1. For the stretch 27-71: of the residues being surrounded by 11 or more Cβ atoms within 10 Å (Cβ to Cβ) and among the charged types (D, E, K, R), which is modelled with the highest pLDDT?
2. Could you please give the count of residues in the stretch 64-79 that are under 22 Å from Ile91 (Cα atoms) and touching a residue at least 40 places away in the same chain (Cβ under 8 Å)?
3. With (1) in a helix (DSSP H, G or I); (2) at pLDDT 90 or above; (3) not β-branched (Val, Ile, Thr) as the list, and Ala22 as the residue in question, which single condition is left unmet?
4. Checking Ile134 against (1) loosely packed, with under 10 Cβ neighbours inside 10 Å; (2) modelled with pLDDT under 90; (3) not small (Gly, Ala, Ser), only one condition comes out false. Which one?
5. Taking the stretch 86-124, which residues are farther than 16 Å from Ile39 by Cβ, of a type in the set (A, V, I, L, M) and either under 11 Å from the mean Cα position of the chain (by Cα) or surrounded by 14 or more Cβ atoms within 10 Å (Cβ to Cβ) (or both)?
6. Hey, among the residues in the stretch 91-108 that are under 24 Å from Ala54 (Cβ atoms) and among the aliphatic types (A, V, I, L, M), which one's modelled with the lowest pLDDT?
Amino acid sequence: MSRRLSLFDSPFLLGFDQFERALDRVQRGAAEGYPPYNIEQVGETQLRITVAVAGFDMEDLSVQLEQNQLVIRGKRAGEEEGERVFLHRGIATRQFQRSFILSDDIEVIGAALDNGLLNIDLRRIVPETTVQTIAITSAKGKGANGKSGRTIDVGQNDAKDNDKNGEDR
């Protein structure tokens with residue numbers, strides 16, 4: 001059995017297996033051309049995926065979120081190939097599966113079918129930015145000059161707050 005070489009085989013990139021699997025899924029999905037789709041930004045934090053699903057009813061479609069992968073499936077039920085005779089068939093109504101990998105900060109708001117277009121609305125969750133101040137202390141307790149160690153507060157660093165001689169307050 002041969003193993004394919006990957007950028008992620010480097011010993012400096014540990015724990016990136018999930019990222020490598022996501023890239024493999026994207027590469028496989030890029031080869032698919034059916035059904036056609038658009039991705040548009042409809043607001044500052046809103047996105048919309050529009051998939052052309054002409055000939056499919058709501059009962060023929062499913063939209064699922066599997067971990068971070070949005071999966072859209074379509075399968076026509078009930079219509080037999082022998083029922084109709086086509087002289088030309090240019091509208092494809094074959095079953096399909098289209099996948100999109102979403103980041104952790106994207107949530108699916110809803111989906112709607114309108115005139116043969118399936119619209120899936122997404123929203124980017126903007127996290128609150130929090131700043132945490134970490135106190136830095138001397139590991140030995142006393143410095144090389146015999147003075148006690150100092151604590152540096154990295155969150156409140158004003159020039160007027162610093163002592164002139166650098167000792168603790």
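1. Per the stated criteria, the residue is Arg48.
2. 1
3. (2)
4. (2)
5. Within the stretch 86-124, just Leu113 meets the criteria.
6. Initially, the stretch 91-108 is screened for residues under 24 Å from Ala54 (Cβ atoms), giving 91-100, 108.
Subset that is among the aliphatic types (A, V, I, L, M): 91-92, 108.
Values: Ile91: 78, Ala92: 73, Val108: 95.
Only one residue fits best here, namely Ala92.
The values are calculated or read from the model by the stated rules, or taken from the named source; none is laboratory data. Since the model is a prediction, treat every value here as computed from it, not as a measurement. So basically every Cβ, Gly included, is an ideal-geometry build from the backbone, and we count neighbours across all protein chains shown.
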